[in-house]
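Reviewing the structure listed below.
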Amino acid sequence: MKVERIEVFPVRLPTKAVLTLPRGPSRTLAEGKRIVLVKMTDVDGNIGWGEAGPSRRWSAETTESCATSIREYLAPALLGHDVFDIAGAHAKMNRELATGMDPGQPIAKCALDLALHDLLCRRLGISLQSWLGAKRLDRIRLARLVSAATPEEAADLTRAGLAEGYEGFKVKVGHHKHLDLDIVRAVVETAPGCYVWPDANQGYSLDEAIRMARGLERLGVPLFEQPVAMSDVYAMKKLLSATAMTIGLDEAAIGIPFVIELIRREAVECLAIKVSKVGGIHYARQMCDLALNAGLKLIGSGLQDAPIGFAASVHLFAAYGMVEPVDLNGPQFIAEDYLESPFPIERMTALVPASPGFGIAVDEAKLGRYALGPETSRLNRSRRAS
Ligand SMILES: [Mg+2]
């Protein structure tokens with residue numbers, strides 16, 4: 001049951017829209033969604049797929065850094081590794097690329113973590129959710145991301161989302177600060193009864209965040225995501241005491257050691273879980289368990305995940321019972337992908353597949369169509385080649 005071969009496929013998927021963060025666009029249409037897929041094969045010929053999908057300006061990693069780290073350090077460390085020893089696989093990867101406040105190049109490590117999980121679940125003939133051992137939900141509602149420069153544009157985007165079936169809207173704020181409250185108000189008033197929350201991606205000072213929180217309370221908004229800098233524990237704690245609304249931490253929830261520190265300092269009440277930012281399912285499930293046992297709220301999130309990351313996240317979020325709409329917005333931004341058949345989504349609700357692994361099949365001919373140089377690499381146990 002050892003890993004025999006790992007193939008690396010950098011690809012570019014066409015996108016249909018641009019997401020703008022306070023630091024600027026996360027990617028242009030010309031860049032598209034760039035990801036690094038890995039195909040892991042064991043000695044019996046079972047396969048598993050994983051992917052690294054960094055989001056420039058959100059993450060410190062890039063597609064190029066992920067491809068290099070996987071090819072040169074992480075994949076070679078896992079050749080010959082027992083596919084059922086996921087903890088040991090992470091220990092090996094962490095010996096190659098050190099951990100810090102986060103697991104150390106977590107998005108690159110996530111690709112191999114996902115491939116291992118997919119492979120072992122396929123070997124066992126069970127879904128990832130079954131392997132996680134929790135069936136709190138069998139479907140996950142998706143939220144639409146609203147990134148608008150004016151309240152009118154926000155209302156238009158929200159109307160379009162309602163027509164597609166969305167019941168949740170996450171509003172990007174922090175880059176048009178004087179208009180932010182009006183932009184959120186436009187979404188709330190256009191989508192009554194829906195779950196609406198803003199995400200500032202660390203864009204506010206403490207004073208600005210407190211003012212915004214008071215305005216959001218008047219709108220009845222339940223949650224405010226990452227208003228202040230992820231490293232500013234004082235501001236996160238102060239904000240909790242200044243408002244009755246829930247403060248969600250996303251960028252701050254980068255790794256278990258820092259989350260433990262936030263819990264000790266009583267500076268956290270809600271975590272946004274992204275599978276990729278914490279290094280894959282292995283750490284994401286630990287963070288979910290830690291949060292639930294500490295009485296924290298969990299919300300689901302992502303980095304415009306392509307279908308492998310998307311599917312793995314849906315299994316995890318369903319296992320951990322994330323009832324609010326989640327910000328898994330790959331389907332909103334990615335125009336074409338590499339699946340043989342589409343992931344099951346009905347009226348913007350993702351249905352958890354029951355078939356083995358993540359429940360999706362990669363079409364390798366399509367992968368070739370989206371290939372991004374340099375060419376695909378193949379690493380075998382007996383030799384390394386590229
Ligand atoms: Mg966020």
Quick one: in the stretch 29-54, of everything that is out of contact with any Gly (no Cβ under 9 Å at 6 or more places or on another chain) and of a type in the set (Gly, Ala, Ser), which residue is surrounded by the most Cβ atoms within 10 Å (Cβ to Cβ)? GLY32
So, of the residues in the stretch 237-257 that are small (Gly, Ala, Ser) and not in a loop (DSSP other than H, G, I, E, B), which turns out to be surrounded by the most Cβ atoms within 10 Å (Cβ to Cβ)? GLY248
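This table checks each residue for (1) modelled with pLDDT of 95 or more; (2) part of a loop (DSSP other than H, G, I, E, B).
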position	(1), (2)
LEU37	yes, no
GLU64	no, no
LEU74	yes, no
ALA91	yes, no
ARG95	yes, no
GLY100	no, yes
ILE107	yes, no
CYS110	yes, no
On the basis of being modelled with pLDDT of 95 or more, of a type outside the set (Lys, Arg) and within 14 Å of the ligand (Cβ to nearest atom), does ASP289 make the cut? no
Scanning the stretch 213-251 for residues that are hydroxyl-bearing (Ser, Thr, Tyr) and under 25 Å from the mean Cα position of the chain (by Cα), which turns out farthest from the ligand (Cβ to nearest atom)? SER231
GLY279 vs (1) within 16 Å of the ligand (Cβ to nearest atom); (2) surrounded by 20 or more Cβ atoms within 10 Å (Cβ to Cβ); (3) assigned to a loop (DSSP other than H, G, I, E, B): all pass except (1)
How many of the residues making up the stretch 307-344 are surrounded by 24 or more Cβ atoms within 10 Å (Cβ to Cβ), in a loop (DSSP other than H, G, I, E, B) and small (Gly, Ala, Ser)? 0
Residues that are away from the ligand (no atom under 16 Å from the Cβ) and either touching a Leu at 6+ places or on another chain (Cβ under 7 Å) or on the phi > 0 side of the Ramachandran plot (or both), drawn from the stretch 170-212: ARG185, VAL188, ALA191, GLY193, LEU206, ILE210
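The values are calculated or read from the model by the stated rules, or taken from the named source; none is laboratory data. Please read these numbers as outputs of a predicted model, since none were measured by experiment. Backbone-built Cβ (ideal geometry, glycine too); neighbour counts: all protein chains shown.
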